[in-house]
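To start, the structure under review is shown below, and the notes come after it.
The numbers here are math on the coordinates, done by the rules we state, and not lab data. Treat the numbers as computed from the prediction; the structure is a model and nothing was measured.
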Amino acid sequence: MLSSRTVRQTVRRARATRFARDAYLELRKCQWPTPEQTARLTALVLAISLLMAIILGLADMGFDRLFNLITS
């Protein structure tokens, strides 16, 4: 007769194996981007990040000047 600890370990191992197999099968269904799409989307993310950095930097400078006007 198996101990309850052995049964729990076996069940846990079976769950982990099934999870790994299911994850692998799901990843096989994914449509991965082409290298050109990856490069284009990376450039887009960098451009948007730069634009947001500029906008937030200008807003910060504006609020700083407004705060200095109010407190001076």
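Where Rh is the Kirkwood radius over the Cα pairs of the chain, the temperature 37 °C and the viscosity 0.692 mPa s, what D in µm²/s does Stokes-Einstein return? Before the final figure, lay out each step's value.
Details: Rh = 18.1 Å.
Rounded to a whole number, D works out at 181 µm²/s.
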With everything on Cα atoms, drop me the angle between helix 35-71 and the longest principal axis of the chain, reported from 0 to 90° to the nearest 10.
50 degrees
